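Structure first, commentary second.
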Amino acid sequence: MQDFVGKKILLGVCGGVAAYKSAYLIRELTRAGAEVNVVMTQSAKEFVSPLLMQALSGNSTRTDLFDAQAERAMGHIELARWADYLVIAPASANILAKMAQGIADDLLSTLYLVAEVPVMVCPAMNRSMWAHPATQANCKLLRDRGVIFVGPEEGSQACGEQGLGRVSEAEQILSALRLHDVHQILQDKKVLVTAGPTREPLDPVRYISNYSSGKMGYAMAEAAAMAGAQVTLVSGPTSLQTLSGIKRIQVESAQEMLAAVMQEMPEGGIFIGTAAVADYRVESVASEKMKKKNLEEMTLKLVKNPDILSRVVQSGRASCVVGFAAETTDVVHYATEKLQHKQLDMIVANTVGKGLGFDSDMNQVTVITKNKQIELPFNHKTRLAGQIIAIIAATLQNVVP
Ligand code: PMT
């Protein structure tokens, strides 16, 4: 697909084993029609040769802030003005720290300060470096300032450890760029997404809940935002962060989620119910911690929670209502029943179970509309979210793929 023709990408490459992956990224970007200029940090040069980047991009690789040769041709100001996007992949902990603090001590960090175009970073580092409060604080600051984050991914690391810190694959970075700029398929649309579990209290210290991590819902919210929509995310308790620009409302119980959804649901907006809402809650919540009292058994009376999806449909406020269906067997059959019963425009069916669907980075879904079924292969939740958003946009235009 040559949909990047005319797009100018300034690619920053930082030091780290993942630097070799930039070569694939350049190849994919140029295949898609983009023009790429590469800027490498000094440590990136220790891992891959600037000549390789030059051969792949077809443009001379820039490495020095004070490059007499380059200053005559394209200086750092011109280079930043030339670009439609600054993509930093892989982005080290060091560049993130410099970006957060506004330190401009090499070409790449200077370009970041000069750039007035969207900036996308794809972090890659050891899992402890990523988890360090200093890195997390820097990332939060950058997110708040509008920097787009893609990844990092979970998996085995070059150092032999396992965890979050691998750079995203080229395909995923391209999908993020596509969603953000090339198509802007949901521009001017308002989207409300629910995500995560709900917690139904028993007493001040206990609750009933489920294994939802919020990853699928957050991925849906981010994909919608990258596609140009104005997004509100109503989230149950999770440990996830949100892209800047997404309005996030934190709730605990199903009733709180319903109240937030009804308050926030925009007229004519798109509603995406990804949350794993508890179907039942305890009828009477104890005001003090429940005591064991030597009981061998205990019976809790549960009452049905409101169905948020159905309430949104009944309100008539949404132009499109999308549900998710989590099933352990006969997924498509049960999901289709829910689509019809709840009068939805679309339902995304996923099989859940041990290591499947819930609390995993990966998922496999079937998107079901009133007259179509689209099976999306096993993939990362962020990629699936992009594909689902594309299907929603196509459905709104009556051009279901
Ligand atoms: O959060 P993750 O760990 O990433 O996992 C993702 C997921 C498995 C939770 C997600 O992909 C998913 O399937 N979400 C829906 C889970 C679910 O509750 O399915 P359900 O079949 O019970 O409900 C069907 C639909 O009705 C859902 O859109 C749900 O949000 C909605 N619902 C359910 C009950 C209720 N009281 N109100 C609702 O709105």
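The values are calculated or read from the model by the stated rules, or taken from the named source; none is laboratory data. Fair warning: this is a prediction, and the values are worked out from it, not measured in the lab. All Cβ positions, glycine included, derive from the backbone under ideal geometry; neighbour counts span all protein chains shown. Side chains are part of the model used for accessible areas, which takes the heavy atoms of the whole protein and leaves out ligands, DNA and RNA. Shrake-Rupley method; radii C 1.70, N 1.55, O 1.52, S 1.80 Å.
Among the candidates GLN2, GLN42, GLN69, the residue that is assigned by the TED database to the domain that holds ALA115, at pLDDT below 90 and open to solvent by 60 Å² or more (accessible area, probe 1.4 Å) is uniquely GLN69.
Residue-wise test of (1) modelled with pLDDT under 90; (2) out of contact with any helix residue (DSSP H, G or I) (no Cβ under 7 Å at 6 or more places or on another chain).
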site	(1), (2)
ILE347	no, no
ASN363	no, no
ASN379	yes, yes
THR382	yes, no
ALA393	yes, yes
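Taken over the stretch 183-206, the criterion of being among the β-branched types (Val, Ile, Thr), within 13 Å of the ligand (Cβ to nearest atom) and over 16 Å from GLY386 (Cα atoms) is satisfied by THR194, THR198. Taking the conditions exactly as written (farther than 22 Å from GLU222 by Cα and outside the structural domain of LEU202 (by the TED database)), does LYS289 satisfy them or not? Yes, satisfied. For the stretch 17-32, which residues satisfy the criterion of being open to solvent by 20 Å² or more (accessible area, probe 1.4 Å) and not hydrophobic (A, V, I, L, M, F, W, C)? If the condition is that a residue be open to solvent by 20 Å² or more (accessible area, probe 1.4 Å) and not hydrophobic (A, V, I, L, M, F, W, C), then TYR20, LYS21, TYR24, ARG27, GLU28, THR30, ARG31 are the ones that fit.
Does THR329 satisfy the criteria of being over 17 Å from ASN210 (Cα atoms) and either more than 13 Å from the ligand (Cβ to nearest atom) or not hydroxyl-bearing (Ser, Thr, Tyr) (or both)? Break it down into steps so the answer makes sense when it comes.
Numbers: over 17 Å from ASN210 (Cα atoms): yes; either more than 13 Å from the ligand (Cβ to nearest atom) or not hydroxyl-bearing (Ser, Thr, Tyr) (or both): no.
Spelling it out, it is not the case that THR329 is over 17 Å from ASN210 (Cα atoms) and either more than 13 Å from the ligand (Cβ to nearest atom) or not hydroxyl-bearing (Ser, Thr, Tyr) (or both).
The set of residues in the stretch 335-364 that are assigned to a loop (DSSP other than H, G, I, E, B) and more than 10 Å from the ligand (Cβ to nearest atom) comprises GLN343, ASP345, LYS354, GLY355.
For every residue, the table says whether it meets (1) over 23 Å from the mean Cα position of the chain (by Cα); (2) within 9 Å of the ligand (Cβ to nearest atom); (3) assigned by the TED database to the domain that holds MET262; (4) of a type in the set (Val, Ile, Thr).
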{"residue": "GLY323", "(1), (2), (3), (4)": "no, yes, yes, no"}
{"residue": "HIS333", "(1), (2), (3), (4)": "yes, no, yes, no"}
{"residue": "THR366", "(1), (2), (3), (4)": "no, no, yes, yes"}
{"residue": "THR369", "(1), (2), (3), (4)": "yes, no, yes, yes"}
{"residue": "ILE374", "(1), (2), (3), (4)": "no, no, yes, yes"}
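Every condition in (1) at positive phi; (2) in contact with a Lys or Arg (Cβ under 7 Å, 6 or more places away or on another chain); (3) not hydrophobic (A, V, I, L, M, F, W, C) holds for GLY245 except the one numbered (2).
Output the residues belonging to the stretch 316-347 that are of a type in the set (Ser, Thr, Tyr) and either over 17 Å from ILE388 (Cα atoms) or buried (at least 16 other Cβ atoms within 10 Å of the Cβ) (or both). Give the derivation first.
Our first condition is that a residue be of a type in the set (Ser, Thr, Tyr); within the stretch 316-347, this holds for 319, 328-329, 334, 336.
Once the filter is applied, which keeps residues that are of a type in the set (Ser, Thr, Tyr) and either over 17 Å from ILE388 (Cα atoms) or buried (at least 16 other Cβ atoms within 10 Å of the Cβ) (or both), the stretch 316-347 yields THR328, THR329, TYR334, THR336.
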